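Data first, discussion second: the structure below is written as structure tokens.
The values are calculated or read from the model by the stated rules, or taken from the named source; none is laboratory data. A quick note: this is a predicted structure, and the numbers were derived from the prediction, not measured. Positions of Cβ are backbone-derived with ideal geometry, glycine not excepted, and every protein chain shown enters the neighbour counts. Heavy atoms of the whole protein, side chains included, go into the accessibility calculation; ligands, DNA and RNA do not. Shrake-Rupley method; radii C 1.70, N 1.55, O 1.52, S 1.80 Å.
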There are 2 protein chains.
Amino acid sequence: MRARDLVTDFPTVTLDTSIAAAARLLAQQRLPGLIVVDEQGMPLSVLPGTQVLRLAVPDYCQEDPALARVVDEEHADRFLRSLADRTVREALPPRPRELPITDPDATLLEMAALMARTRSPLVDGGRLIGAVTLQALLDRAVSA
Amino acid sequence: MRARDLVTDFPTVTLDTSIAAAARLLAQQRLPGLIVVDEQGMPLSVLPGTQVLRLAVPDYCQEDPALARVVDEEHADRFLRSLADRTVREALPPRPRELPITDPDATLLEMAALMARTRSPLVDGGRLIGAVTLQALLDRAVSA
């Protein structure tokens, strides 16, 4: 079993994609994150879905989530809705994390090692082919 | 919008559930992790899917995923398949992470703050009701 047998097409966004569009992709396709590519389609970074939320949550609530309780329901809803107009560029962490890139020949063990350490490996065979998800890997791991 | 409006039923496992069964749940329902409960159904911990993989990956490959390349395909497959007979108990990290529990009245902002810090909050209203997923939260954040 090699990466090429497990890779799945994965939606990509650019730095200028709106958070509204990114959130829709995350929600509709039930993804934990999105691949951010440059204009040439080369992977730049991975945007974790939780990072999108951080944009909407004031610093004092991030340090102590219990403080969010003092904000009433109407304003709480508004914080989240304010996300829609921002862009992926604003949501990326200042120090982007290690991009887990592998090649189409990687074995199950290589993919598992990468995933245990970082996140879903991106598969690059000259161009970005897609990603291997935890679920696809586990599915193959436990089925004969 | 409150936690009770967003909570979804979430599959649970116990410490004695086999990794084969846990992996099947993660794969089939495309989940990032599972809720581990005790015999009374009270949440004990969250088992991240990547932690399941760690069980199968030898220590030397976790430190340096490139070392996994020296293991040939047949043996690489075997490492992953060896997972099936283990149990959830063996996969849990030695120091389980903070359990993000909230109540049915939590606002969108409280849930987002918890999620940005830890993971999907579990919703407990006397008993475990379920969890709020990133995707459900983002879906509501950018709609309407």
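A quick yes/no check of all residues on (1) of a type in the set (D, E, K, R); (2) within 17 Å of A:THR14 (Cα to Cα); (3) open to solvent by 70 Å² or more (accessible area, probe 1.4 Å):
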{"site": "A:ALA56", "(1), (2), (3)": "no, no, no"}
{"site": "A:GLU73", "(1), (2), (3)": "yes, no, no"}
{"site": "A:LEU80", "(1), (2), (3)": "no, no, no"}
{"site": "A:THR87", "(1), (2), (3)": "no, yes, no"}
{"site": "A:GLU90", "(1), (2), (3)": "yes, yes, yes"}
{"site": "A:THR118", "(1), (2), (3)": "no, no, no"}
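Of all residues in segment A:103-121, those satisfying the criterion of being at pLDDT 85 or above and either on the phi > 0 side of the Ramachandran plot or more than 7 Å from chain B (Cβ to nearest Cβ) (or both) are A:ASP103, A:PRO104, A:ASP105, A:ALA106, A:MET111.
Residues in segment A:4-44 that are touching a residue at least 24 places away in the same chain (Cβ under 8 Å), out of contact with any helix residue (DSSP H, G or I) (no Cβ under 6 Å at 6 or more places or on another chain) and small (Gly, Ala, Ser): A:SER18, A:GLY41. Would you please name the residue that is surrounded by the fewest Cβ atoms within 10 Å (Cβ to Cβ), looking only at residues in segment B:133-144 that are among the aliphatic types (A, V, I, L, M) and not in a loop (DSSP other than H, G, I, E, B)? Looking at residues that are among the aliphatic types (A, V, I, L, M) and not in a loop (DSSP other than H, G, I, E, B), I get B:ALA136.
Return yes or no: is B:LEU83 touching a Cys at 6+ places or on another chain (Cβ under 8 Å) and either more than 30 Å from A:ASP85 (Cβ to Cβ) or not small (Gly, Ala, Ser) (or both)? If you could, list the steps in order and put the result at the bottom.
Values: touching a Cys at 6+ places or on another chain (Cβ under 8 Å): no; either more than 30 Å from A:ASP85 (Cβ to Cβ) or not small (Gly, Ala, Ser) (or both): yes.
No; evaluated as a whole, the condition is false for this residue.
Filtered by the rule that a residue be within 17 Å of the chain's Cα centre (by Cα) and basic (Lys, Arg), segment B:119-144 gives a lone residue, B:ARG119. The residues listed here are B:GLY130, B:GLY126; of these, the one that is more than 9 Å from every other protein chain (Cβ to nearest Cβ), on the phi > 0 side of the Ramachandran plot and open to solvent by less than 30 Å² (accessible area, probe 1.4 Å) is B:GLY130. Of all positions in segment A:34-50, at least one carries a residue that is part of a helix (DSSP H, G or I) and open to solvent by less than 80 Å² (accessible area, probe 1.4 Å).
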